[in-house]
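Just below is one structure, and these are the notes that go with it.
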Amino acid sequence: MRTSTPPATLRPTRPFGGTGAFLWTEVLVQAHESLAMATSMVTQTVLLVFVYILNPGLIGVALIGAVIFSAFTLGQRVLNEAAYIRIDHKANDLYLAGPMSAEGYFLGMAGGILIVYLAPIALLGGLAVVVGHLSLTTSLALLGLAGLVWLFSASVGYIFSTFFRDNRAIWAYASLFFNVFGVLPPVFYPFGYFPEVLRPLALVMPPSAAAALLQSLIGAATLSSGQTALAAVGLVAETVIVFVVAIFWARRTVRGP
Amino acid sequence: MSSEPLWSENLRKVYSSKGAPPVDALAGVSMSVHPGERVALLGRNGAGKTTFLRIASTLLRPTSGSIRVFGYDVAEHPERARPYIAVVPQEGKPFFHLAPREMIYTYLRARGLSRETSKTRTEEAIERMGLTEFANRLCITLSGGQRQRTMVATVIATEAPLLFLDEPTIGMDPFARREVWASLRALTAKGSTILLTTHYLDEAEALSHRLYIVERGRVIVSGTSDDLKRSVGGTLKVSLPEGARHVDSFQSFGSTVTDGSSLTIIVAPERLGELMDLTIRRQLTATVGPVTLEEAFLRVVGRKIDED
């Protein structure tokens, strides 16, 4: 009945271990919720329709903004998912009290959500390229900047998720955060329309910084070299910092205080 | 340094929050679990069972004391201990938008098991836990008991050297509970070690080699269920549904417990005849049965396990 044989020595948890497997888990989970995928583009579509009705000439700018906004709102999905798994399912304990790494859990979740929602974002991106006649360089810049915005917002979303004890509280804050930073600043409309005094602020907020850089590339905005540097360096620096903090925070919050 | 599957010494956990006095959730717990054992932690709500399990499973920091999993310091090197453990969290639920087969398989993959091993173990766990019929249905469509079986199957399939199960059979029907018991026995026969908490005393008695009873953050007694039952001072339990008002007359026979109008007496077999004579003289009805772990718990803790 009992055994005295000790188990073989097992490798300690590896950094980023389990990322791929948990990414696939999250893809399966999200893919079973096809309605959420279908509704993920509602806000962007509504804004695009408004822009098209009010000024069809700005639809190229708005399409680029829609791609950036879509990448940004994936962070809200990470926030909701991480909090839901932890608060409602307590399934984070199942995964984290085991050989899977905490950062693998975070990145797998964020990556899985990205993959599942990539198709509608790619559709918007394709439209932006075709309608806006984007060059290869600008298209690659769109891809890279949208990727940075995604990494920033996914990291912020995961960090925020650890502060809540009740899902109901999250709805309000998450919606406020992602709409204030994604809709109000010049993401869907030209950077030049934004009040001059607030423009430095827009250049340090990742979604509007990315949008401003792209608008500058297609000639829809005029940025000084200082503004370009502020937007580019700020976006990269903020993303790297928040990502590193998210990795640290994911590891730290495996264990309660 | 102990290389037991689980070993703790004077483990303490104090919860502090603003505006509230600190709470000693664990007030110095020392225990050890030997290889291949199934050990139950018993205690009322708030006794400290889940806190202990969460610390042991690297999900909570202790305030002081030592705790080791296979010799690895859980507080200092959780990354060394984690590969050896698997946990069924209290009130944990599987992903609602995965089917049990997907849930188990992807979890094993996330733990680093190969595709082939994960697939084999998934099918074994599904069959062993009676999940075959709904293995491909999304968990959101399953009953609470079926979801819990999915959680237990997921963890059992890991065959981890040390399993922590926090109320593993809660919400299950008696048939499903017995399937879980059989699976856990099979798992320890293969070499795993199990620490579980449960509110079901029959489960603790049927399943565990040893028990620890925890009250107010302390281990107040440990041993086998037979040890605990012997400690109540007799092997028979006499229940008198209307006997509470006669408690003084029966106290000389052994320990007595009143609950409303009823009286329960723990008595040695040789004094049963004498006690029954008195019962008849008082015109009371009585039922006689063996002492169970419930009486032992009541005797040791002073309250029933489901009493807050």
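At a Cα cut-off below 23 Å, give the lysines reachable from B:K119, other chains included and same-chain residues fewer than 8 away excluded.
B:K93, B:K190
Can you give me the P(r) profile for the range A:19-252? Cα pairs, bins 10 angstrom wide beginning at 0, each as a whole percent.
For the range A:19-252, the pair-distance distribution reads 8, 33, 35, 19, 5, 0.
Kindly provide the helix-only [θ] at 222 nm of chain A, computed as the sum of -39,500 (n - 2.57) over DSSP H runs of four or more divided by all residues, to the nearest 500 deg cm²/dmol?
The per-residue figure over chain A is -24000 deg cm²/dmol.
Let me check I've understood the local charge: for A:R11, count other residues with C-beta under 14 angstrom from its C-beta, Lys and Arg +1, Asp and Glu -1. What total comes out?
+3
What is the magnitude of the charge dipole of the protein assembly as shown about its Cα centre, with +1 placed on the Cβ of each Lys and Arg, -1 on the Cβ of each Asp and Glu, and no other charges, expressed in debye to the nearest 20?
Charge dipole of the protein assembly as shown: 620 debye, to the nearest 20.
How big is the gap, in Å, between the Cα center of the range A:38-70 and the Cα center of the range B:77-112?
Between the Cα centre of the range A:38-70 and that of the range B:77-112, the gap is 40 Å.
How big is the Rg/Rh ratio for the protein assembly as shown, C-alpha atoms only, Rh by Kirkwood, two decimals?
On the Cα set of the protein assembly as shown, Rg over Rh gives 1.11.
Can you compute 3J(HN,Hα) from phi for each residue in the range B:115-120, using the Karplus curve 6.51 cos²θ - 1.76 cosθ + 1.60 with θ = phi - 60°, rounded to whole Hz and x for Gly and Pro?
Whole-Hz 3J(HN,Hα) from phi for the range B:115-120: 4, 5, 4, 4, 5, 4.
Just to confirm the filter: which trypsin sites (Lys or Arg not before Pro) across the range A:155-257 are DSSP coil and have at most 15 other Cβ within 10 angstrom of their Cβ?
Sites meeting the loop and neighbour criteria: A:R165.
Springs between alpha-carbon atoms under 10 Å, Gaussian network over chain A: tell me which of A:L74, A:L123, A:L142 tops the mean-square fluctuations.
Of A:L74, A:L123, A:L142, the most mobile in the Gaussian network model is A:L123.
Once amide H atoms are built 1.01 Å from N in the peptide plane, which residues 5 or more positions from A:V183, or in another chain, come under 5 Å H to H?
Long-range HN contacts for A:V183: none found.
Pull up the cross-link candidates among the lysines for B:K18, meaning alpha carbon to alpha carbon under 27 Å and not fewer than 8 places away within one chain.
Output for B:K18: A:K90, B:K49.
Which whole-Hz ³J(HN,Hα) couplings does the range A:65-82 yield from phi under the Karplus relation 6.51 cos²θ - 1.76 cosθ + 1.60, θ = phi - 60°, glycine and proline marked x?
Whole-Hz 3J(HN,Hα) from phi for the range A:65-82: x, 5, 5, 4, 4, 4, 5, 5, 6, 4, x, 5, 5, 5, 4, 4, 5, 4.
Using only Cα atoms and rounding to the nearest 10 degrees, what angle (0 to 90) does helix A:136-161 make with the longest principal axis of chain A?
50
Can you put B:K13, B:K190 in order of Cβ neighbours within 10 angstrom, beginning with the fewest?
Going from sparsest to densest Cβ surroundings: B:K190, B:K13.
Considering every pair of different Cα atoms, what Kirkwood radius, in Å, is found for chain B?
Hydrodynamic radius (Kirkwood, Cα only) of chain B equals 21.1 Å.
Going by alpha carbons, how many degrees (0 to 90, nearest 10) lie between the helix axis of B:272-281 and the longest principal axis of chain B?
Result, in degrees: 60.
How long are the three semi-axes of the equivalent ellipsoid for the range B:233-290, computed from the Cα gyration tensor as the root of 5 times each eigenvalue, in whole Å, largest first?
Value: 15, 12, 10 Å, ordered largest first.
Based only on other Cβ atoms within 10 Å, what is the fewest-to-most ordering of B:D306, B:D173?
The order, fewest Cβ neighbours first, is B:D306, B:D173.
If the cut-off is 23 Å between C-alpha atoms, which lysines fall inside it for B:K237, apart from same-chain ones fewer than 8 positions away?
Within the straight-line cut-off, B:K237 pairs with B:K229, B:K304.
Residue by residue through B:136-148, how many Cβ atoms from other chains fall within 10 Å of the Cβ on average?
Partner Cβ neighbours, averaged per residue: 0.
Compute the helix-to-body angle for A:42-54: its Cα long axis versus the longest principal axis of chain A, expressed 0 to 90° and rounded to tens.
So the inclination is approximately 0 degrees.
Hey, in the GNM for chain B with a 10 angstrom Cα cutoff, which one of B:A47, B:A25, B:A189 fluctuates hardest?
Greatest mean-square fluctuation among the candidates belongs to B:A189.
Magnitude of the Cβ-charge dipole of chain A, K/R +1 and D/E -1, about the Cα centre, nearest 20 debye?
700
Which residues' amide hydrogens lie under 5 Å from the amide hydrogen of B:L165, considering only partners 5 or more residues apart or on another chain, with H built in the peptide plane?
The list, which skips near neighbours in sequence, is B:V88, B:L195, B:L196, B:T197.
Modelled label-to-label distance, B:R281 and A:A31, 7 Å Cα→beta-carbon offset: nm?
7.9
Quick one: among B:T141, B:T122, B:T287, which has the greatest mean-square fluctuation in a GNM of chain B with alpha-carbon springs under 10 angstrom?
Looking only at B:T141, B:T122, B:T287, the largest GNM fluctuation is found for B:T287.
Under the Karplus relation 6.51 cos²θ - 1.76 cosθ + 1.60, θ = phi - 60°, what is the ordered set of whole-Hz ³J(HN,Hα) values for the range A:206-220, x standing for Gly and Pro?
Here the 3J(HN,Hα) series is x, x, 6, 5, 4, 5, 5, 4, 5, 4, 5, 5, 9, x, 8 Hz.
Readers should treat all values here as calculations from the given coordinates under stated rules, not as data from a laboratory. Just so it is clear, the structure is predicted and the values come from calculations on it, not from any experiment. Virtual Cβ from ideal backbone geometry, glycine too; neighbours counted across all protein chains shown.
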